[in-house]
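This report concerns only the one structure given below.
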Amino acid sequence: MVKSLPLQMLVVIYCTCWLVSSEARCQTPREVLDSYFSAARTNFEAIEKFDLFIRTDITKESQFQTPEVVTTFQRIVFDSDSERYLFASRGQRISMTGEKVDSFREGFVLNEHTVRRLGARGNSVVKETGVKREEVFDQLHLPDVRIMLFPSLDSRRGRLWQDNSFESYTLFAKQASEVKFTSADAMSFRMMFENGIGYSFRFDPNTLLPSYSKWFSVAGDDTNVLAEGDFRWEQNSGIFVPILASFEHNRPELPLAMKGLPREELAKQIRIFKIKTNVQLHWISINQEIDPKLTSLSMLDSVSDFFQLTDPLEQGLPVLDTFQTPGDVSEK
């Protein structure tokens, strides 16, 4: 497929001198890393329309609150050419004791500038006209699979699936105060910023996309790992897309009764708990014609039928129930 060429060709153009003659070292680590990011951006920009099913499992191992598991099933349909979009998401929280905490669901169908969406309680349907895509997207958290390799960006809400999401690919290597190779094959990097925040990346030699990333902070001799992630990719319709992403975030936590004490006392009570996230993606189609029925406003005539789109058994899709743990891929 023609669309598979940009990713490979861009990296070859930028990196040939380095790979052919390591003694020449004609490119700096910053330039090589920038070329990988540029190629990754070109790869994702080739996605114009798609139908995607996602299962996300989040395990919160809190020390002061009841640990819980949150499982979410989502269906995302994009047809940018005709400005038609669908998003359906349902999930539930279950405590580690096995008790169901609550369930939730949200979604919308956006057809040009008219949207039908679920109301606040997830049952009623609201229709609005004259809306912009950005306004709808900002109100819900649509997983932006293009930037999930940056753990710090994937954890924020809003402004996803926007053109400026790609700024990280363009600016990351350029704005870092320091970029180093951490392996002899020039596939692993460590980058630091002046504010003490750093990233490590390991790129897969087969896909030329990240297989591992780490987000950390450095203060003196102490390094604090904020998050790390593993990634698996496959080629679909000539484009490399993620099929598995596993993250482990380290978050500070305080007992609820402590949230009024002086800062010095609070610092003594802080504990770190882990949030483990496993994202599994099944790409139903990429850059193929989207069935007009999927993005028709009538999809929300029946709320129950609408959420059948997120049921893997109803849709004949893999159940996707294997949980992975970050760290399977070494950064060395």
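The values are calculated or read from the model by the stated rules, or taken from the named source; none is laboratory data. What you are looking at is a predicted structure, and each value in this text was computed from that prediction instead of being measured. Heads up, the Cβs are rebuilt from the backbone with ideal geometry, glycines too, and the neighbour counts pull from every protein chain shown. When the accessible area is computed, the model is the full protein with side chains, heavy atoms only, and any ligands, DNA or RNA have been set aside. Shrake-Rupley method; radii C 1.70, N 1.55, O 1.52, S 1.80 Å.
Overview of results
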{"quantity": "Members of segment 168-198 that are crowded, with 19+ Cβ neighbours inside 10 Å and either under 15 Å from Ala227 (Cα atoms) or in contact with a Gly (Cβ under 7 Å, 6 or more places away or on another chain) (or both)", "calculated": "Arg190, Met191, Gly198"}
{"quantity": "Search result, residues across segment 217-252 that are in contact (Cβ under 8 Å) with a residue 40 or more places away in the chain and β-branched (Val, Ile, Thr)", "calculated": "Ile239, Val241, Ile243"}
{"quantity": "Single condition Phe201 does not satisfy, out of (1) buried (at least 21 other Cβ atoms within 10 Å of the Cβ); (2) more than 21 Å from the chain's Cα centre (by Cα)", "calculated": "(2)"}
{"quantity": "Selection within segment 211-230 - touching a Ser or Thr at 6+ places or on another chain (Cβ under 8 Å) and closer than 19 Å to Thr182 by Cα", "calculated": "Tyr212, Ser213, Lys214, Trp215, Phe216, Ser217, Thr223, Asn224, Ala227, Glu228, Gly229, Asp230"}
{"quantity": "Residues within segment 214-233 that are charged (D, E, K, R), over 16 Å from the mean Cα position of the chain (by Cα) and part of a strand (DSSP E or B), tallied", "calculated": "1"}
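A quick yes/no check of all residues on (1) open to solvent by 30 Å² or more (accessible area, probe 1.4 Å); (2) modelled with pLDDT of 90 or more:
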| residue | (1), (2) |
| --- | --- |
| Cys26 | yes, no |
| Arg30 | yes, yes |
| Thr66 | yes, no |
| Asp79 | no, yes |
| Arg84 | yes, yes |
| Arg116 | yes, yes |
